[in-house]
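Report on the following structure.
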Amino acid sequence: MEMLVFLMAFPLVAAALLLVVRQNTARNVIVIASGAVIAVASVALVVPNIGTDGVFFEATSPIIDYICTAVSLVCVVVVISFAIKHKNWIAGLLAVVQAAVVLVVEFGFAHEMEVELGLYFDSLSLLMALVIGIIGSGICVYAIGYMEDFQAHEPDGARDRRPTFFALMFVFLSAMFVIVFANNMSWMFTGWEVTTLCSFLLIGYTKTDEAVRNAFRQIVMNLAGGIGFILALLLSIVNLHTLSFVEFIEVATNSPYLAVVPVVLLAFAGITKAAQMPFQTWLLGAMVAPTPTSALLHSSTMVKAGVFLLVKLAPCFLVSAVPSVMVMLVGAITFLLCSFMAISQTNAKRVLAYSTIANLGLITACAGVGTPEAVWAACFLILFHAIAKSLLFLCVGTAEHHIGSRDIEDMDLLFERMPRLARFMMLGIMCMFIAPFGMLVAKWATLVSFISMDQVVLILILAFGSAATFMFWAKWLGKLSGIAGEPENVELTVHKSEWFSIVLMAALLVVSCALIPVISAALVEPYLIDAFGFAVQDIGTDNLWIASICVIVVVIALFGGLGRSKKRKASVYLSGVSADNDSRTFSNSLSGQTVATARNWYMDDWFGEARVAPVGVVCCSLVIAASVIVALVGLPIL
C-alpha cells in the first residue's frame with residue numbers, strides 16, 4: 001500500500017517544487033530526478049507482484065473523501081472562471097451542472113456509502129503503472145530540451161511559463177495513478193477530472209486564439225463525459241448499493257439488468273475520454289499544444305484512462321448487449337473512418353492524431369466484444385500503442401525544431417539530414433503496422449477474437465481499416481527511407497534530454513516486442529484469470545517467440561550500420577542527363593531542367609475530413625443516443 005500511496009503522492013510533491021523553482025538548472029534536476037524516482041518506483045511495484053491476483057488495501061477515511069470532493073469542485077471552479085473570462089457559456093453551464101451533481105452525490109448519497117478497500121491493483125493496473133511511470137516520466141524528461149527550444153522561439157519579453165507546464169505534467173501522472181489504483185469510484189472520479197483539467201490547461205498553454213478554442217472544445221466534451229461518470233456513481237449507489245469498482249463489476253456481471261444504465265454511462269465517459277467519434281475533434285485540437293503535451297495526451301495518460309476504464313468493464317459488456325453493441329460499433333466505426341482520414345493528412349502530428357484515435361477505436365471495439373481473447377488483444381494494443389506513439393511524437397517534435405516543419409512532404413532526405421532520428425522514427429512506424437512487431441501481433445489476436453464471436457462486420461471493418469493503416473504508414477516510411485544527395489546533418493544540436501527519451505522509448509519498444517510471451521504470461525494472462533476465471537487458450541507461445549527473434553533481427557539491420565556506411569554517388573536521374581546532382585535536377589525531354597521530387601498521394605477527394613468525418617459523427621451519435629434510450633427504457637424503478 002505504501003508504494004501505491006507514494007506513486008500517487010510523489011508526483012504532486014515534484015509538481016509543487018517545479019511550480020516555485022524558476023532557475024533552469026534546478027528545474028532540470030528536479031524533473032530528471034523525479035522522473036527517475038517515479039519510473040523506478042513503478043518497476044519496484046510491479047516486479048514483486050508479477051502473476052498475483054487482485055490485491056486490495058484497507059483505505060477509507062472521511063477526510064480523504066472530503067478532499068477528493070473539494071478537488072473535484074476546485075476543478076469545476078477553475079473551468080467556470082476560464083469560461084467566464086473567455087465567454088464560453090457552454091463550458092460554464094456544463095461545469096455548473098457537474099458541480100451540482102457532484103454535490104448531490106457526495107453529500108446526499110456517497111457519505112453513507114463506505115468503501116473499506118479503497119485501493120487495489122491487479123495485473124492490468126500494474127501494466128498501466130509501467131506505462132504511466134516509465135513512458136510518462138520519459139516524456140517529462142524529453143520536455144526539458146524541447147521546452148528550452150520552445151521558449152527560445154517565444155517573442156522577446158514573453159513570460160516564461162515553463163514552471164506551470166512541468167507542474168501540470170507531473171500532476172497529470174499523479175491523477176493517472178489515482179485512476180488505475182482507486183477501488184473507490186469517488187476517488188477514481190477525482191483523478192478522472194484532474195486529468196481533464198490538466199489537459200485543458202496544457203492544450204491552451206500558448207494562449208493563442210486557436211489554442212484557447214481547442215482547449216474549450218476538449219473541456220466541453222470531457223465535461224459531458226464527466227457528468228456521465230458522476231451520474232453512473234449515483235445510480236451505482238442507489239441501485240447497486242456500492243461505490244467499490246470491483247464490486248460494481250461483479251454485480252454488473254451477475255445482474256446485468258440492474259447495472260445496464262450505469263454501465264452505459266461509464267462507457268460513455270470512457271468513449272469521450274478516449275476521443276472516439278463523435279468526440280474525436282478534441283484530440284485533434286490538442287495538436288496545437290507543445291509536443292510533450294501531445295505525447296502525454298496520446299500515449300500514456302489522458303486517452304489511456306478512457307480505454308483502461310472500457311477494458312475494465314469488458315466482463316460487463318460480455319453479458320450486457322446494450323453497452324456492448326454501443327462500445328463495439330463506436331470503436332469499429334472510429335477505427336475505420338479515422339484510418340481513412342489519416343490517408344489524407346500531410347501534417348505528421350495530425351497523422352499521428354488520427355492514427356491514435358483509430359487505434360483507440362480498435363481497443364474500444366475489443367473491450368466491447370468482452371471475451372478474454374479480445375481483452376488479451378486490447379492489453380497489448382494499449383502497451384505497444386503507448387510506446388510507439390510516444391516515440392513517434394517525440395521524434396516529430398525534434399524533427400520540427402530542426403527542419404522547421406512537421407509536414408511529411410518536408411521530410412525528404414531525413415535519413416541523411418537526421419540519420420539517427422530517422423531510424424528511430426522508422427522503428428516507431430514499423431511497430432505500428434509491420435510484422436513481426438507487437439501491434440500486428442495484437443491485431444492478429446483481435447482478428448482471432450472477432451472470428452471466435454462470429455463478428456463478421458467487425459472482421460470486415462478490421463480488414464479495410466488495416467489496409468488504410470498500411471497505406472498511410474507506408475507513405476511516411478517511404479518518405480523517410482529515400483536517400484539522394486548529401487544534405488547537411490542537422491541533428492547535431494538535438495538536446496541530450498531529447499535523445500535520452502527517444503532512445504528510452506525505442507529501447508522499451510524493442511524489449512516489449514521481444515518479450516511478448518513473458519509479458520503475456522506475467523501480466524496479461526493473470527489479469528484474464530482474475531477477471532474471467534480463465535485465460536486465453538492456445539496463445540501460440542512458440543510463434544510469439546519466433547516473432548520476438550525476428551524483431552531483434554530487424555532492429556540490428558536498421559541500426560547496425562549506422563555511422564559506418566560508405567556512400568556511393570549516382571546520378572539523380574539515370575534515364576536522362578543529370579544537370580546538378582547536389583540540387584537533384586536533370587535535363588528533361590524538352591531540354592529544360594526539372595527538380596527530382598517524390599510526393600505522396602493523399603486522396604483528399606476520397607478520404608478528406610470534410611467528406612468522411614460527418615459520416616462517422618452522425619453514425620456514432622445515433623449509436624450512442626439509441627443505446628442510452630434503450631438502456632433508460634429498461635431502467636429499474638429507483
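The values are calculated or read from the model by the stated rules, or taken from the named source; none is laboratory data. Predicted model, so just to flag it, every value in this text is computed and none were measured. Here Cβ is always computed from backbone atoms with ideal geometry, including for glycine, and neighbour counts include all displayed protein chains. Remember, those area values only see protein heavy atoms, side chains included, never the ligands or the DNA or RNA. Shrake-Rupley method; radii C 1.70, N 1.55, O 1.52, S 1.80 Å.
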Quiz item: Looking at region 101-108, is at least one residue of a type in the set (Val, Ile, Thr), open to solvent by less than 10 Å² (accessible area, probe 1.4 Å) and part of a helix (DSSP H, G or I)?
Solution: yes
Self-check item: helices (runs of 4 or more DSSP H) enclosed by region 222-289 - at least 3 residues per element that are buried (at least 24 other Cβ atoms within 10 Å of the Cβ)
Solution: 256-273
Practice problem: Run Val96 past the list (1) part of a helix (DSSP H, G or I); (2) crowded, with 21+ Cβ neighbours inside 10 Å and report the number of the one that doesn't hold. | Solution: (2)
Self-check item: Subset of region 365-389 (residues that are of a type outside the set (A, V, I, L, M, F, W, C) and assigned to a helix (DSSP H, G or I))
Solution: Gly368, Pro372, Glu373, His385, Lys389
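Could you check region 147-166 and list, in sequence order, the residues that are open to solvent by 10 Å² or more (accessible area, probe 1.4 Å), in contact (Cβ under 8 Å) with a residue 60 or more places away in the chain and part of a helix (DSSP H, G or I)?
Glu148, Asp149, Phe150, Arg162, Thr164
Could you check region 395-471 for helices (runs of 4 or more DSSP H) lying wholly inside it with 3 or more residues that are within 19 Å of Ile382 (Cα to Cα) and open to solvent by 50 Å² or more (accessible area, probe 1.4 Å)? Outline the logic, then answer.
On the way: elements: 414-417, 419-433, 438-452.
Hits in region 395-471: 438-452.
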Self-check item: Condition met for Asp407 (free of Cβ contacts under 8 Å to residues at least 24 places away in the same chain and charged (D, E, K, R))
Solution: no
Quiz prompt | From the options Glu154, Glu148, residue that is modelled with pLDDT of 85 or more and farther than 22 Å from Leu266 by Cβ | solution = Glu148
Quiz item: What is the residue count in region 27-69 for residues that are surrounded by 13 or more Cβ atoms within 10 Å (Cβ to Cβ) and closer than 19 Å to Asn183 by Cα?
Solution: 17
Practice problem: Scan region 202-216 residue by residue and report those that are assigned to a helix (DSSP H, G or I), surrounded by fewer than 22 Cβ atoms within 10 Å (Cβ to Cβ) and touching a residue at least 40 places away in the same chain (Cβ under 8 Å). | Solution: Glu210, Ala211, Val212, Arg213
Practice problem: Please work out if Ser565 is among the hydroxyl-bearing types (Ser, Thr, Tyr), open to solvent by 30 Å² or more (accessible area, probe 1.4 Å) and either at pLDDT below 85 or assigned to a helix (DSSP H, G or I) (or both). | Solution: yes
Quiz item: If only one of Val494, Val511, Val503, Val551 is modelled with pLDDT of 70 or more and buried (at least 22 other Cβ atoms within 10 Å of the Cβ), which one is it?
Solution: Val551
Quiz item: Just one of the numbered conditions (1) at pLDDT 85 or above; (2) closer than 30 Å to Pro372 by Cβ is not true of Arg420; which one?
Solution: (2)
